[in-house]
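Beneath this line is the structure, given in structure tokens, with notes to follow.
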Amino acid sequence: MAGRSSNATSTRDRLLLAAGQLLHEAGDGPVSTRAICERAGVQAPTLYHHFGSKQGLLDAVVNYGFTQYVQAPDAGGDPVDRIRAGWDRHVEYGLAHPVFYVLLYGQIEPGVPCNLTSSAEALLLELFTPLAREGRLRVEAAEAARQFAAANSGVTLSLIAQPADDRDPAMSAQVRESVLAGLLADEPAGGSSVGALAVALSTALADDVDALTTTERQMLREWLHRIAG
């Protein structure tokens, strides 16, 4: 059993590696199932056994590429600095692996949430939530994560579309700081605006509050949302 499991893992990895290499070499061109199988040294039925279809394999390759830069944030330090570092890492990865990146966002369909980008938003939420609790956000943490992730991917796709010699390396940082300025409250905790304090209290209500019923918490969150807005 152990030998078969190890061999299956090795075959799967060879297919992932072959598909990734061919995608990189092909640029914007197509990659055939036959070429992938030849590079991996397997027959087509083996590919279908592991991934179900060629698209299943490509989705797995994209997922692998995505996880190379979507990592849990390091502990310690100011969350804003870690958010900035995450933005820069995202853009750097997209420019270094444009085929993977475009393939990732090419899977998006109207009205269908993208599971991979949801993972990025979840990690951003971990960083924005403590800022919300401290009264440092103008909007709720989940909304901040959505806006930041959308701007981050938009900048990356825009830079990928530009010829390498025409890219403005300062543009990414300028957009990043503009987005942060719109999300962060003007004053830190202790001197926060009423809106930022409303966000802080709304975030705190995500924890169990025995003094309020579920309905009362929902009503209070709605009022706080209006105040924050």
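Close amide H contacts of L184 (hydrogens built in the peptide plane, cut-off under 5 Å, sequence separation of 5 or more or a different chain): R138. Among residues other than A120 with Cβ under 13 Å from its Cβ, the summed charge is 0 (Lys and Arg +1, Asp and Glu -1). Figure note: F148, F51 ranked by solvent-accessible area, largest first, 1.4 Å probe, ligands and nucleic acids not counted: F51, F148. Each residue was assigned an accessible area with a 1.4 Å probe, and for S178 the value is about 80 Å².
If R0 equals 30 Å, the separation of the Cβ atoms of E222 and E177 corresponds to a calculated FRET efficiency of about 0.40.
The values are calculated or read from the model by the stated rules, or taken from the named source; none is laboratory data. A quick note: this is a predicted structure, and the numbers were derived from the prediction, not measured. Using ideal geometry, Cβ is built from the backbone for each residue, glycine included, and neighbour counts are taken over all protein chains shown. Remember, those area values only see protein heavy atoms, side chains included, never the ligands or the DNA or RNA. Shrake-Rupley method; radii C 1.70, N 1.55, O 1.52, S 1.80 Å.
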